[in-house]
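Everything on this sheet refers to the single structure shown next.
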Amino acid sequence: MHKFTVLVNSMLKNNFTGLIENTTLGDSFDPYGFGLARTHELPISLQWLYENYPRSNSELIWETIELMFAGGVKGGKDWTTFFVNGVMPTLGTPFIKTSSFTHGVNLAEGVELKLTILRIYTD
Amino acid sequence: MSGQKTALAPFKYTPFPLGTITATGWLQDQLELEANGLAGHLYDFYRYVAGSTWVGGDWEYSTLDEAAPYWFNYVVPLAWTINDSRLKAQAKEFLDYVLDHQAEDGWLGPETTRQTRGIWARSLLCFGLIVSV
């Protein structure tokens, strides 16, 4: 998992390779931005790694967590802009406007995201 | 998001290790039905699990390469919660294959090009990995 994390760290630093598609380079790993809406999932495991088996990689693991969240925001899936009065829907089907934020699984994930972020930011 | 912490905010409660909380009654019945039924046999025959690109096969339904990881993500908690040795062995076999085939540069999964290497589905692999360690 460490070797993988080191790789992910370098990918994310390289214009968020593997998270934000670069269509000019022919990227096709996430055409609908699902991964972008679920950027906290890897951090959940990275936080476990950080707390339980950091070895000498603590800083890199922490940085990778931050990069995942930063990538999600850069990729246009900033959940903090969704969980806002007036933005978050108060009515369900058929009034719901389909988006990455209202997709059922993504929405459940969005709630989880806030909890994951809380562990590294004071806000 | 404002200030940054210098240490992870601790969990208020320590999660129970997987397998220490077990089911009884109706819930246990349902988990056993799942394990003995379709959910517990996808690894035996279902093309998107048994024949997944994740274990050297040719099948995947999504560019996210999520099929087998989703299976792994549920089979681990199922296997350990009901202490099913058959399912534990399947999970272990899957994980062993994936780890044995880790790429030279550290990538986990069947993808070999930057265009197809999406990070997300690995989070499902990690979910199963961190609780079965």
What Kirkwood radius, in Å to one decimal, follows from the Cα pairs of chain B?
16.4
Per the rule of 0.36 nm per residue minus the C-alpha distance, extending A:PHE83 to A:VAL111 adds in nm 9.2 nm
Give the shape of the protein assembly as shown as rounded, prolate or oblate, defined through the alpha-carbon gyration tensor: a ≥ b ≥ c are the square roots of its eigenvalues, a/c under 1.5 means rounded, and otherwise the shape is prolate if a/b is larger than b/c and oblate if not.
rounded
Check which residues have an amide H placed less than 5 Å from B:TRP59's amide H, if you skip close sequence neighbours.
B:SER52, B:THR53
In whole Å, largest first, the alpha carbons of segment A:16-123 cover along the principal axes 51, 36, 19
Interchain or sequence-distant (5+) residues whose placed amide H lies within less than 5 Å of the amide H of B:ILE82 are none
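Estimate the FRET efficiency between A:THR102 and A:SER56 by the formula 1/(1 + (r/R0)^6), using the beta-carbon distance for r and 35 Å for R0, to the nearest 0.05.
Values: r = 42 Å, r/R0 = 1.21.
E between A:THR102 and A:SER56, to the nearest 0.05, is 0.25.
Computed FRET efficiency, Cβ-Cβ of B:GLN102 and A:LEU91, R0 35 Å: what is it to the nearest 0.05?
Numbers: r = 47 Å, r/R0 = 1.34.
Between B:GLN102 and A:LEU91 the formula returns 0.15.
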Between helix A:41-52 and chain A, what is the angle of the helix's C-alpha long axis to the longest principal axis, kept within 0 to 90° and rounded to the nearest 10?
40
Tell me which residues come under 5 Å, amide H to amide H, from A:TYR121 once H is placed; ignore anything under 5 positions away on its chain.
B:LYS5
To the nearest 20 debye, what is the magnitude of the charge dipole of chain A about its Cα centre, counting +1 on the Cβ of each Lys and Arg and -1 on the Cβ of each Asp and Glu?
60
In nm, to one decimal, how far is the modelled label at B:LEU18 from the one at A:ASN22, with both set 7 Å along Cα→Cβ?
3.5
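Can you give the longest run of chain B that contains no chymotrypsin sites (Phe, Trp or Tyr not before Pro) sitting in a DSSP loop with at most 14 other Cβ atoms inside 10 Å? If you can, show how the numbers build up before the last one.
Details: sites that count: B:PHE11, B:TYR13, B:TYR61.
No qualifying site falls inside B:62-133, the longest such stretch.
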Calculate one ³J(HN,Hα) per residue across segment A:28-33 by plugging θ = phi - 60° into the Karplus curve 6.51 cos²θ - 1.76 cosθ + 1.60, and present them in order as whole Hz with x for glycine and proline.
9, 8, 7, x, 9, x
With axes computed from alpha carbons, what is the tilt in degrees of helix A:58-74 against the longest principal axis of chain A, rounded to the nearest 10 within 0 to 90?
30
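Here, each number is a calculation from the coordinates, and none is a lab measurement. Quick caveat, the model's predicted, so the values are computed rather than measured. Because the Cβ atoms are built from the backbone with ideal geometry, glycine has one as well, and the counts that use them run over all protein chains shown.
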